[in-house]
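The values are calculated or read from the model by the stated rules, or taken from the named source; none is laboratory data. Remember, predicted model here, so these are calculated numbers, not experimental data. Here the Cβ positions follow ideal geometry from the backbone for every residue, glycine too, while neighbour counts run over all protein chains shown. Heavy atoms of the whole protein, side chains included, go into the accessibility calculation; ligands, DNA and RNA do not. Shrake-Rupley method; radii C 1.70, N 1.55, O 1.52, S 1.80 Å.
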Amino acid sequence: MGTTFGLGELGFLIQGLKWTVLLAAIAFVGGGIGGLGVALARVSTSKCLRRITGGYIALFQGTPLLMQLFVIYYGLGLLGLMLPAWVAVAIAFTLHASAFLGEIWRGAIEALPKGQFEAARALGLHYLPRMRDVILPQALRIALPATIGFLVQLIKGTSLAAIVGFIELARAGQIVSNQTYAPLLVFTVVGALYFALCWPLSLYGSRIEGRIARATAR
Amino acid sequence: MPSTATHTVDASDTADAPLIVMENVNKWYGAYHALRDVNLSVRRGEKIVLCGPSGSGKSTLIRCINHLETIKSGRITVDGVRLDESSRSVDAVRSEVGMVFQNFNLFPHMTVLQNCTLAPMRVRGVTAAAAEATAKRFLERVRIAEHAHKYPAQLSGGQQQRVAIARALCMEPKVMLFDEPTSALDPEMVKEVLDTMVSLARDGMTMVCVTHEMGFARQVADRVIFMADGQILEQADPESFFRHPTHPRARSFLGEILAHH
């Protein structure tokens, strides 16, 4: 028997939205930490570190996110690691985000004028304060619009987690749609929820981009 | 090559030992021989002006002194510390050597004051209050204290370069290296930077300056060194150098440079 789309169904979608937000947040925080490590490894003087992280980035940028989710979810299972779906999905998204954020931030670090590195070196600043106080604050500012752009992609990308049985917003929409036989209405609501989440971020990103452009034009 | 630990040369403890010694230094960029058997010794308190046509290796030479460039062979000793590949020797040398760049290279996301306090706090470990007091003293000295809370982008080129000088001085270095400090400046700002450098020289700072400002060389240099093709071709006190350059390359270089001044 079909039901009509009411408050209960909307509540179910909101539950899905919560998981979407949580998953994106975990992926972004995990990916932020991992990405920082990847970016620093990519610009390090160690050829070995650069090669390894280069291969890692190539792998995760060169395969669909869907495949990555599959391989990690079922792959970890085959290795005897029976993790709850959400943990496996969080690991997959973290690895995915680390690769992309690492590459975005590597580009930003390398975009800084050589003189910034030289001035920091000439002052005797060691690696840690050189990166933490001089290089990264500037690089992350340059990279902010691209970082926000990636976050928006990441939020939408969480819909793929449905493939391993994770009930986030898109999957919740599918379930409600099957119950109510009103796919157009349900998915319009689902789309609106995604839009409400992503659009302010995009807007914020382009505002920052404008501000940086004005600052560098001066 | 066996790595030798940073060691102190006994002679450097005496005040008249040279502060910087470069012996048979060679540097290559791929197939290009950038420095050829360079020998140079800088006394404490000495002011040296390095000049020569572009690509002659003068910037490369001073960048070797604080290990911004690595050398292929030869040895460099700064205040008794032999520069090798060890980070300990590099750190030891860099904390005693101040450098001023052509493009200022101030940190744009920090205020003038923060630019000046960062290295003393992070490298010397002094407290924020002590670092600020030192910074204010040197900012006063380069006559820019009133802009301490501005960001570099809010200052003119000449002001930024004076901040860069103050920033280097805040580490209380034993020698200051200047890499074409006025080349990126608008003409009307050259003087304020040169005046600052002259006053620094008067106070007895050891200075090695790559510059084409021959007036400055005449005024403060103890020695003018002329380089071409990665070699030191001539060195003399400014009077003799400007009056009777002996090397033909130095003569033609001076002819070209002075024709425009």
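Which residues, taken from the stretch B:55-90, are within 14 Å of chain A (Cβ to nearest Cβ) and part of a loop (DSSP other than H, G, I, E, B)?
Within the stretch B:55-90, the first condition is being within 14 Å of chain A (Cβ to nearest Cβ), and the residues that meet it are B:59-60, B:62-70, B:78-79, B:81, B:83, B:85-90.
The answer is B:ASN66, B:HIS67, B:LEU68, B:GLU69, B:THR70, B:ASP79, B:LEU83, B:GLU85, B:SER86.
Tally the residues that are under 21 Å from A:PHE117 (Cα atoms) and either assigned to a loop (DSSP other than H, G, I, E, B) or more than 12 Å from chain A (Cβ to nearest Cβ) (or both), restricting the search to the stretch B:138-152.
Filtering the stretch B:138-152 down to residues under 21 Å from A:PHE117 (Cα atoms) leaves B:151-152.
Now narrow it down to the ones that are either assigned to a loop (DSSP other than H, G, I, E, B) or more than 12 Å from chain A (Cβ to nearest Cβ) (or both): B:151.
Summing the residues that are under 21 Å from A:PHE117 (Cα atoms) and either assigned to a loop (DSSP other than H, G, I, E, B) or more than 12 Å from chain A (Cβ to nearest Cβ) (or both) in the stretch B:138-152 gives 1.
Residue check, B:VAL93 against (1) in a helix (DSSP H, G or I); (2) facing another protein chain (nearest Cβ under 9 Å); (3) more than 15 Å from B:LEU19 (Cβ to Cβ), all met but one. Which one?
(3)
Only one residue in A:ALA97, A:ALA88, A:ALA58, A:ALA111 is closer than 25 Å to A:ILE175 by Cα and of a type in the set (A, V, I, L, M, F, W, C), so which one is that? Step through it out loud before you land on a result.
Values: A:ALA97 fails: closer than 25 Å to A:ILE175 by Cα; A:ALA58 fails: closer than 25 Å to A:ILE175 by Cα; A:ALA111 fails: closer than 25 Å to A:ILE175 by Cα.
After applying the criteria, what remains is A:ALA88.
Just to be sure before I move on: is A:ILE175 in contact with a helix residue (DSSP H, G or I) (Cβ under 6 Å, 6 or more places away or on another chain), over 30 Å from B:GLU172 (Cβ atoms), in a helix (DSSP H, G or I) and among the β-branched types (Val, Ile, Thr) in the structure I sent? First the steps, then the outcome.
Details: in contact with a helix residue (DSSP H, G or I) (Cβ under 6 Å, 6 or more places away or on another chain): no; over 30 Å from B:GLU172 (Cβ atoms): yes; in a helix (DSSP H, G or I): yes; among the β-branched types (Val, Ile, Thr): yes.
In short, no.
Would the stretch B:153-163 turn up any residue that is within 10 Å of another protein chain (Cβ to nearest Cβ), in contact with a helix residue (DSSP H, G or I) (Cβ under 8 Å, 6 or more places away or on another chain) and more than 19 Å from A:LEU125 (Cβ to Cβ)?
Taking the stretch B:153-163 first, the residues within 10 Å of another protein chain (Cβ to nearest Cβ) are B:153-154.
Within this subset, residues satisfying the condition of being in contact with a helix residue (DSSP H, G or I) (Cβ under 8 Å, 6 or more places away or on another chain) are B:153-154.
Cutting the leftovers down to more than 19 Å from A:LEU125 (Cβ to Cβ) gives us B:153-154.
The answer is yes, given that some residue of the stretch B:153-163 is within 10 Å of another protein chain (Cβ to nearest Cβ), in contact with a helix residue (DSSP H, G or I) (Cβ under 8 Å, 6 or more places away or on another chain) and more than 19 Å from A:LEU125 (Cβ to Cβ).
Could you check, for the stretch B:35-46, whether at least one of its residues is at the interface with chain A (Cβ under 9 Å from one of its Cβ atoms) and assigned to a strand (DSSP E or B)? Talk me through it step by step, then tell me what you get.
Going residue by residue through the stretch B:35-46, those that are at the interface with chain A (Cβ under 9 Å from one of its Cβ atoms) are none.
No: zero hits.
Condition check: touching a helix residue (DSSP H, G or I) at 6+ places or on another chain (Cβ under 7 Å), within 14 Å of chain B (Cβ to nearest Cβ) and either of a type in the set (Phe, Trp, Tyr) or open to solvent by less than 40 Å² (accessible area, probe 1.4 Å) (or both). Does A:VAL134 satisfy that?
Values: touching a helix residue (DSSP H, G or I) at 6+ places or on another chain (Cβ under 7 Å): yes; within 14 Å of chain B (Cβ to nearest Cβ): yes; either of a type in the set (Phe, Trp, Tyr) or open to solvent by less than 40 Å² (accessible area, probe 1.4 Å) (or both): yes.
Considered against the rule, which asks whether it is touching a helix residue (DSSP H, G or I) at 6+ places or on another chain (Cβ under 7 Å), within 14 Å of chain B (Cβ to nearest Cβ) and either of a type in the set (Phe, Trp, Tyr) or open to solvent by less than 40 Å² (accessible area, probe 1.4 Å) (or both), A:VAL134 comes out as yes.
Against the definition (over 20 Å from the mean Cα position of the chain (by Cα) and either assigned to a helix (DSSP H, G or I) or touching a residue at least 60 places away in the same chain (Cβ under 8 Å) (or both)), how does B:GLU192 come out, yes or no?
Details: over 20 Å from the mean Cα position of the chain (by Cα): no; either assigned to a helix (DSSP H, G or I) or touching a residue at least 60 places away in the same chain (Cβ under 8 Å) (or both): yes.
No, not satisfied.
Looking at B:ALA119, B:ALA135, which one is without any contact (Cβ under 8 Å) to a residue 60 or more places away in the chain, facing chain A (nearest Cβ under 10 Å) and among the small types (Gly, Ala, Ser)? Spell out the reasoning first.
Working: B:ALA135 fails: facing chain A (nearest Cβ under 10 Å).
Answer to the selection: B:ALA119.
Is the stretch A:84-106 home to any residue that is open to solvent by 50 Å² or more (accessible area, probe 1.4 Å) and in a loop (DSSP other than H, G, I, E, B)?
Within the stretch A:84-106 (the criterion being open to solvent by 50 Å² or more (accessible area, probe 1.4 Å) and in a loop (DSSP other than H, G, I, E, B)), the answer is yes, since at least one residue qualifies.
Go through B:THR111, B:THR127, B:THR117 for me and flag whichever is within 21 Å of the chain's Cα centre (by Cα) and among the β-branched types (Val, Ile, Thr).
Working: B:THR111 fails: within 21 Å of the chain's Cα centre (by Cα); B:THR127 fails: within 21 Å of the chain's Cα centre (by Cα).
Answer to the selection: B:THR117.
Looking at B:MET205, B:MET197, can you tell me which residue is under 18 Å from the mean Cα position of the chain (by Cα), of a type in the set (A, V, I, L, M, F, W, C), open to solvent by 10 Å² or more (accessible area, probe 1.4 Å) and under 24 Å from B:ARG63 (Cα atoms)?
Details: B:MET197 fails: open to solvent by 10 Å² or more (accessible area, probe 1.4 Å).
Exactly one of B:MET205, B:MET197 is under 18 Å from the mean Cα position of the chain (by Cα), of a type in the set (A, V, I, L, M, F, W, C), open to solvent by 10 Å² or more (accessible area, probe 1.4 Å) and under 24 Å from B:ARG63 (Cα atoms), namely B:MET205.
Which one of these is within 14 Å of chain B (Cβ to nearest Cβ), at pLDDT below 95 and within 20 Å of the chain's Cα centre (by Cα): A:ILE163, A:ILE142, A:ILE167?
A:ILE142
Which of the following residues is modelled with pLDDT under 95, in contact with a helix residue (DSSP H, G or I) (Cβ under 9 Å, 6 or more places away or on another chain) and open to solvent by 30 Å² or more (accessible area, probe 1.4 Å): B:GLU172, B:GLU188? Spell out the reasoning first.
Values: B:GLU172 fails: modelled with pLDDT under 95.
Among B:GLU172, B:GLU188, only B:GLU188 is modelled with pLDDT under 95, in contact with a helix residue (DSSP H, G or I) (Cβ under 9 Å, 6 or more places away or on another chain) and open to solvent by 30 Å² or more (accessible area, probe 1.4 Å).
Please verify whether the stretch B:35-45 includes one or more residues that are closer than 25 Å to B:LEU169 by Cα, more than 16 Å from the chain's Cα centre (by Cα) and not polar (S, T, N, Q).
no
Please state which of the following conditions A:ILE155 fails to meet, knowing it meets all the rest: (1) crowded, with 19+ Cβ neighbours inside 10 Å; (2) within 14 Å of chain B (Cβ to nearest Cβ); (3) under 29 Å from A:ILE72 (Cβ atoms).
(2)
Look at the stretch B:236-253 and say how many of its residues are surrounded by fewer than 17 Cβ atoms within 10 Å (Cβ to Cβ) and not aromatic (Phe, Trp, Tyr).
Taking the stretch B:236-253 and keeping what is surrounded by fewer than 17 Cβ atoms within 10 Å (Cβ to Cβ), we get B:237, B:239-240, B:242-244, B:246-248, B:251-252.
Applying the additional criterion that residues be not aromatic (Phe, Trp, Tyr) yields B:237, B:239-240, B:243-244, B:246-248, B:251-252.
Qualifying residue count for the region: 10.
Kindly check whether there is at least one residue in the stretch A:52-73 that is surrounded by fewer than 19 Cβ atoms within 10 Å (Cβ to Cβ), of a type in the set (S, T, N, Q) and not in a helix (DSSP H, G or I).
yes
Please indicate, with yes or no, whether at least one residue in the stretch A:107-126 is open to solvent by 50 Å² or more (accessible area, probe 1.4 Å), more than 14 Å from chain B (Cβ to nearest Cβ) and within 26 Å of A:GLY54 (Cβ to Cβ).
Restricting attention to the stretch A:107-126, the residues satisfying the condition of being open to solvent by 50 Å² or more (accessible area, probe 1.4 Å) are A:110-111, A:113-114, A:121, A:126.
Checking which are more than 14 Å from chain B (Cβ to nearest Cβ) leaves us with A:110.
Narrowing the set further to residues that are within 26 Å of A:GLY54 (Cβ to Cβ) leaves A:110.
Yes, some residue in the stretch A:107-126 is open to solvent by 50 Å² or more (accessible area, probe 1.4 Å), more than 14 Å from chain B (Cβ to nearest Cβ) and within 26 Å of A:GLY54 (Cβ to Cβ).
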